[in-house]
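Below is one structure, written out as structure tokens, with a few remarks after it.
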4 protein chains.
Amino acid sequence: MGEHSADVAPKGKAAPRRTSIGGRRNPASASAILEAAEAILSETGLAGFSIEAVARRAGAGKPTIYRWWPNRSALLMDVYARQKETVLRVDTGTLEGDLVELLTRLFAFWRDTPAGATFRSIIAEAQSDPASLAALQSFLADRRAYVGEVVARGIARGDLPPKADLPSLVELIFGFAWMRLLTGDIAAPDADHVPDALPARVRLLLRGAAATA
Amino acid sequence: MGEHSADVAPKGKAAPRRTSIGGRRNPASASAILEAAEAILSETGLAGFSIEAVARRAGAGKPTIYRWWPNRSALLMDVYARQKETVLRVDTGTLEGDLVELLTRLFAFWRDTPAGATFRSIIAEAQSDPASLAALQSFLADRRAYVGEVVARGIARGDLPPKADLPSLVELIFGFAWMRLLTGDIAAPDADHVPDALPARVRLLLRGAAATA
Amino acid sequence: MGEHSADVAPKGKAAPRRTSIGGRRNPASASAILEAAEAILSETGLAGFSIEAVARRAGAGKPTIYRWWPNRSALLMDVYARQKETVLRVDTGTLEGDLVELLTRLFAFWRDTPAGATFRSIIAEAQSDPASLAALQSFLADRRAYVGEVVARGIARGDLPPKADLPSLVELIFGFAWMRLLTGDIAAPDADHVPDALPARVRLLLRGAAATA
Amino acid sequence: MGEHSADVAPKGKAAPRRTSIGGRRNPASASAILEAAEAILSETGLAGFSIEAVARRAGAGKPTIYRWWPNRSALLMDVYARQKETVLRVDTGTLEGDLVELLTRLFAFWRDTPAGATFRSIIAEAQSDPASLAALQSFLADRRAYVGEVVARGIARGDLPPKADLPSLVELIFGFAWMRLLTGDIAAPDADHVPDALPARVRLLLRGAAATA
DNA sequence: GGCTAACCGAGACGGTACGTCCAGTCTTAAT
DNA sequence: ATTAAGACTGGACGTACCGTCTCGGTTAGCC
């Protein structure tokens, strides 16, 4: 019942018992909460992600969390916002190379960091929480715009005709990536034995886009 | 969240108080439970979908539910299994027509019946429950096989070269459909003003598949 | 069994919805729980005495009860501890008078207040719960000590020889009282018709104690 | 969860799967049920004594039990009725010797056989079940009558004056025995060190009874 | 420089839902 | 007609977490 002491985040220093810093938000608390949330999410998944658990692990009071995040979904979104700052920039010289590289690195990012679990959780959350859905849509629009730029660069480079159906291309790319994430199918390609399906998907899409000009 | 008073079974008729029918499963209970689950799911979404609420509404005991479904996810899957029996069969004469028709009717099915909310819930559930993920994968494989057949029929018909990249085509189709569902973007096409994007997506995919032969 | 509708708190007054008073126990909740427990016990007996029913009647959450009482037995003991504060003090001038008066008033206390039902329940509970048994033994030792004092006063008064077998006397008195309680045989004496057996029991014990000196 | 197979009584023979023997009660079932009930009672106490557990252990269906015993209490009484057939007959030559011997053997019977746990359970049950209380009272009257005979024999023998208060004596004896049982205080006397209190109690009672003549 | 306001942790509060166990009833299939 | 078997509704169990509340204490900024 009382082993809360073991639940607090293992701090290297001395567990200095955060307290108020006056009439404004304590950034140390905010980051402790986000870090705890991220750790719990990547360790136990969305199922173990409760406000109670985050507060326990962060050594924070529940009202402190509720003061700054209205609900679980909002906290979830902040956790992802913090992670996705790792923007994926690519430039291989060809559009096909760029897209393959982009997806490969996105899958690696999802696979090798807590971001994958977090993003899966966000999509799940959005299925029952309208505010999360709106946030997700806005985030998606942002990322689509970025991929749109990559494709536009390819068009400028002559890799694709100017009249190619860019919106279709971009939407299909994201649909592919999402479904792979949501079905747990983002394993690293086994280069030696199994030919990776990813380049084939990209190739089909690019040929189709070229043909729809 | 608190409208439990509305959850009691609508006993307009006779409230026949189901009971045991001997040492075997009572199909009346099973279907009452599945119907209650479906109704709750479509009315309140995944958030309000609890075993407790289902039992209350179905006029069933919780142990009766747990006897036949190990957990919430299993019940969820059964609800969907019951709904998806509405199989979508199409044959318009051309592959493009088939695929557009298929997706249009799929979106309508998701939009106009509880099945859409159910399926969104299942995908969400699969993000935290491995058993649900496995079930979802197996279901997906089944549906992919069906679309594979539609495409194969198109190849036989000559709509696509025999060496077309069928797996890529099928996977991209499903990615597209799922993302539309998960982002709430399956509104009916507004024929007069906005040209529907759906046929454009199908066209791109088919051109790409033809070109990858 | 099913009269739950009568279990809800009688909110004639203002139904102030108790809430937390900070990081410490709310005495209003504690006493509401004990009062509800006492009422249920005296109305329905041990059979209807469930944590669930107490919580319902007290307008309290189950966890609030479990936070402060580890189990049903502990709550039961507290209910009795609250009642037995009505200590029975007697001093009639003679030992025989004191003992008869003590037992008469004890039987009246058991008969006319919820305490009798409560104590019966405690003894019953102690037959299956070791912790309750220990608590009961300790309580019994306490009461035996008090009766021991009454008897010692009688010895000092000369009502009994100094070497009288005090432990036997006290134990036999309690055995008599308990058995009467447990067999439901504590009806008020019907002065007119049936001569009360109680004084006869006391007389036998006192004569025996005097003779064992 | 499903290891019911391990719960059935370890039968030496072959677990012959009892079945109906036609339109009348199967005595094999009855005794299997009583034996299972007795075993459970002595192993787990009243807490683990449920109809479900008895049925499981006896390899019987619950309805079979309910057909012959209306409730848990009735089964409990039957279990004790079966055990108490070991009647305690004493004749040492003196009344004091008889009573000491009787109580000593009664305590040993309660201590060394399942009967003690069973009888404690019956008394506990009687505190909430009126039918059990009535049965207990009737049983008690029967036993009191037997002890009354022992005492009457003592009177005939001249160990006690003819006008001794026999009802008081008998009631006090039972009160003493019951309280010892209910407080778990029936340990075997430690002859070497602690002088047993039992003879002292009997002596006090007999002296008192003699003096009340 | 004292006051006030907002913050911090802690944790109790009334609740809902969990998943399990048992009560007592019912029906079947077999004997 | 009775048996074992097992499903049925229903209710209580003890636990986890929800979102709200109040506490005692700290710190900053304003008068």
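The values are calculated or read from the model by the stated rules, or taken from the named source; none is laboratory data. Keep in mind that this is a model prediction, so the values were computed, not measured. Every residue, glycine as well, gets a Cβ built from its backbone with ideal geometry; the counts of neighbours run over all protein chains shown. Heavy atoms of the whole protein, side chains included, go into the accessibility calculation; ligands, DNA and RNA do not. Shrake-Rupley method; radii C 1.70, N 1.55, O 1.52, S 1.80 Å.
Odds and ends about this structure:
- Any chance residue D:208 is within 7 Å of chain C (Cβ to nearest Cβ), at pLDDT 90 or above and on the phi > 0 side of the Ramachandran plot: no
- Of the set (1) assigned to a helix (DSSP H, G or I); (2) over 16 Å from the mean Cα position of the chain (by Cα); (3) crowded, with 20+ Cβ neighbours inside 10 Å; (4) within 14 Å of chain C (Cβ to nearest Cβ), all apply to residue D:200 but (3).
- Taken across the stretch B:36-46, residues that are more than 8 Å from DNA strand F (Cβ to nearest atom), β-branched (Val, Ile, Thr), part of a helix (DSSP H, G or I) and surrounded by 15 or more Cβ atoms within 10 Å (Cβ to Cβ) do occur, with at least one present.
- Residues satisfying the stated conditions in the stretch B:58-73, i.e. open to solvent by 30 Å² or more (accessible area, probe 1.4 Å) and part of a helix (DSSP H, G or I): B:62, B:63, B:64, B:66, B:67, B:68, B:72
- Residues (out of contact with any helix residue (DSSP H, G or I) (no Cβ under 8 Å at 6 or more places or on another chain) and in contact (Cβ under 8 Å) with a residue 12 or more places away in the chain) located in the stretch C:88-138: C:105, C:108, C:111
- Total residues in the stretch D:47-96, condition among the aliphatic types (A, V, I, L, M), more than 16 Å from DNA strand F (Cβ to nearest atom), closer than 26 Å to residue D:127 by Cα and away from chain C (no Cβ under 14 Å): 4
- Subset of the stretch B:121-142 that is small (Gly, Ala, Ser) and open to solvent by less than 30 Å² (accessible area, probe 1.4 Å) - its residue that is farthest from residue B:205 (Cα to Cα): B:132
- Subset of the stretch C:21-42 (residues that are farther than 17 Å from residue C:81 by Cα and of a type outside the set (Gly, Ala, Ser)): C:21, C:24, C:25, C:26
- Hits in the stretch B:142-186 (condition: under 23 Å from residue B:119 (Cβ atoms) and more than 10 Å from chain A (Cβ to nearest Cβ)): B:142, B:143, B:144, B:145, B:146, B:147, B:148, B:149, B:150, B:151, B:170, B:186
- Leading residue by the ranking (nearest to residue C:170 (Cα to Cα)) among those in the stretch C:182-197 that are more than 21 Å from the chain's Cα centre (by Cα) and modelled with pLDDT under 90: C:196
- From C:100, C:170, C:87, residue being modelled with pLDDT of 95 or more and open to solvent by 20 Å² or more (accessible area, probe 1.4 Å): C:100
- Some residue of the stretch D:118-128 being within 13 Å of chain C (Cβ to nearest Cβ) and over 30 Å from residue D:43 (Cβ atoms): no
- Within the stretch C:14-46, the set of residues being within 24 Å of residue C:119 (Cβ to Cβ) and near DNA strand E (Cβ under 9 Å from one of its atoms) comprises C:30, C:32, C:33.
- Which listed residue is in contact (Cβ under 8 Å) with a residue 60 or more places away in the chain and of a type outside the set (A, V, I, L, M, F, W, C), from B:23, B:45: B:45
- Subset of the stretch D:143-157 [open to solvent by 60 Å² or more (accessible area, probe 1.4 Å) and either under 13 Å from residue D:171 (Cα atoms) or not in a helix (DSSP H, G or I) (or both)]: D:144
- Residue-level check: of (1) outside any loop (DSSP other than H, G, I, E, B); (2) not assigned by TED's automatic domain parsing to the domain that holds residue B:139, residue B:100 misses just (2).
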